[in-house]
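> A single structure is presented below for examination.
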Amino acid sequence: MQSSNGGLVHRETRSGRRPQPAVAIVIGVVILQALLVAFFAWPALRLAPRDLPVVVAGPAPAVAAVQTRLETLRPGGFSVTAVNDERAADQALRDRDAYAAFLPSADGTMRVHVASAASPTVATLLTQQLGGSGVQVVDVVPVDAGDPRGGGLASAFLPMLLTALIAAALLWFAVPSKVGRLLGVAAFAVLAGLAEAAILQYGYEILPGSYLANAGVLALIAAAITGGVLGLAALLGRAGVALGVLVVFLVGNPLSAINAAPELLPQPWGAVGQFLPPGAGATLLRSVAYFDGAGGTAAGWTLAAWAAAGLALIALARRPRPAATDTPAPAAPDREPIPAA
């Protein structure tokens, strides 16, 4: 009976412990889900102009009237610069110095020029808020005809980030040598850039410009993410992989402003996002594909810095020393007893 009861108690204790790992897993996943929902939904719910660069060209009184109207519409929302004429205004859009140009006339009418290729969301926002009352809206640098709302490029960006993170994790856990990891990053970046550019440009026709230039940008994005995460892993071990995923996916992707603009996000988060690979990559890809590289210098240097720092950390990482094994001293041979005389 005692043995039976002891066995029963043992089974109850063991079965009582079984739900504990399941509860911990469920709680952990729910917390992760809450963080993802919060981080991804928060920027989209807070989109609004914040020092959004725009230009105004026209008679001085008309320019002052536009500035007053914009300040009334959204206090602190626009950073207004006066330019000489319509040509200068359109050039500011092509150089990515401004998202919109306001061209008021002496008779009170006004035209608004936008560059939807820089940000479809900004163009839509300005068109909806200022497109009434006979205002003429002209799109100076439109998005590609195959992606009129810009959603295709934005939707394709997330899989690029995820596959780069997966490549980094696989290279860290499956490839032990530094040379192998360095070659893996280079090979993945080149092949991923060529494949992604071909799909976006020739498969779906949502990316204009030079194929090789676009492929180079996409390769640089892949190198920055994969190399950066591997560099963190070389520095911190497995924790570095987790930190890289956290920085790139959980923080960098929501702050990338791929379909909006950094100036639409709450500050300083819009600026912070441009120092991370997703935000810098989105800016550089739009600059190269639509604006002949204008406005993409800082983003290019940011991606290059991530890639170079990651590769350097991989190359300089010390190999883990094998655990020292204590070699037992050889046992002394058994001595035969000396027979008594």
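> In the set Leu73, Leu36, which member is outside the structural domain of Val251 (by TED's automatic domain parsing) and farther than 21 Å from Ala123 by Cβ?
Numbers: Leu73 fails: farther than 21 Å from Ala123 by Cβ.
Result: Leu36 is the single residue among Leu73, Leu36 that is outside the structural domain of Val251 (by TED's automatic domain parsing) and farther than 21 Å from Ala123 by Cβ.
> Here's another thing I want to ask about it. Looking at segment 75-96, which of the residues that are surrounded by 15 or more Cβ atoms within 10 Å (Cβ to Cβ) and out of contact with any helix residue (DSSP H, G or I) (no Cβ under 8 Å at 6 or more places or on another chain) is farthest from Pro262 (Cα to Cα)?
Glu86
> Is it the case that segment 146-160 has a residue that's touching a Pro at 6+ places or on another chain (Cβ under 6 Å) and buried (at least 21 other Cβ atoms within 10 Å of the Cβ)?
Yes, because at least one residue in segment 146-160 is touching a Pro at 6+ places or on another chain (Cβ under 6 Å) and buried (at least 21 other Cβ atoms within 10 Å of the Cβ).
> Another question, then. At pLDDT 95 or above, at negative phi, surrounded by fewer than 23 Cβ atoms within 10 Å (Cβ to Cβ) and over 17 Å from the mean Cα position of the chain (by Cα): does that describe Ala323?
Values: at pLDDT 95 or above: no; at negative phi: yes; surrounded by fewer than 23 Cβ atoms within 10 Å (Cβ to Cβ): yes; over 17 Å from the mean Cα position of the chain (by Cα): yes.
The answer is no for Ala323.
> Right, another one. Among the numbered criteria (1) touching a strand residue (DSSP E or B) at 6+ places or on another chain (Cβ under 8 Å); (2) modelled with pLDDT of 90 or more, which one does Pro142 miss?
(1)
> While we're here: Taking only pairs six or more apart or across chains, which ones have beta-carbon atoms under 8 Å, a first residue in segment 239-256 that is within 18 Å of Ala222 (Cβ to Cβ), and a second residue that is charged (D, E, K, R)?
Pairs that qualify, where the first residue is within 18 Å of Ala222 (Cβ to Cβ) and the partner is charged (D, E, K, R): there are none.
> I'd like to know if segment 90-101 contains one or more residues that are of a type outside the set (Phe, Trp, Tyr) and modelled with pLDDT under 90. Before the answer, list the steps.
So the first thing to find is which residues in segment 90-101 are of a type outside the set (Phe, Trp, Tyr), and the list is 90-98, 100-101.
Within this subset, residues satisfying the condition of being modelled with pLDDT under 90 are none.
No, there is no match, as no residue in segment 90-101 is of a type outside the set (Phe, Trp, Tyr) and modelled with pLDDT under 90.
> Oh, and also: Within the group Ala299, Ala312, Ala234, Ala307, which residue is exposed (fewer than 15 other Cβ atoms within 10 Å of the Cβ) and either among the β-branched types (Val, Ile, Thr) or assigned to a helix (DSSP H, G or I) (or both)? Reasoning before the result, please.
Values: Ala299 fails: exposed (fewer than 15 other Cβ atoms within 10 Å of the Cβ); Ala234 fails: exposed (fewer than 15 other Cβ atoms within 10 Å of the Cβ); Ala307 fails: exposed (fewer than 15 other Cβ atoms within 10 Å of the Cβ).
Of Ala299, Ala312, Ala234, Ala307, the one residue that is exposed (fewer than 15 other Cβ atoms within 10 Å of the Cβ) and either among the β-branched types (Val, Ile, Thr) or assigned to a helix (DSSP H, G or I) (or both) is Ala312.
> Quickly run through segment 170-209 and pick out the residues that are without any contact (Cβ under 8 Å) to a residue 12 or more places away in the chain, among the small types (Gly, Ala, Ser) and either part of a helix (DSSP H, G or I) or touching a helix residue (DSSP H, G or I) at 6+ places or on another chain (Cβ under 8 Å) (or both).
Answer for segment 170-209, where residues must be without any contact (Cβ under 8 Å) to a residue 12 or more places away in the chain, among the small types (Gly, Ala, Ser) and either part of a helix (DSSP H, G or I) or touching a helix residue (DSSP H, G or I) at 6+ places or on another chain (Cβ under 8 Å) (or both): Ala174, Gly180, Ala187, Ala195, Gly203.
The values are calculated or read from the model by the stated rules, or taken from the named source; none is laboratory data. Here the structure is a predicted model, which is why all the values come from computation and not from measurement. Cβ coordinates were reconstructed from backbone atoms using ideal geometry, including for glycine residues, and neighbour counts include every protein chain displayed.
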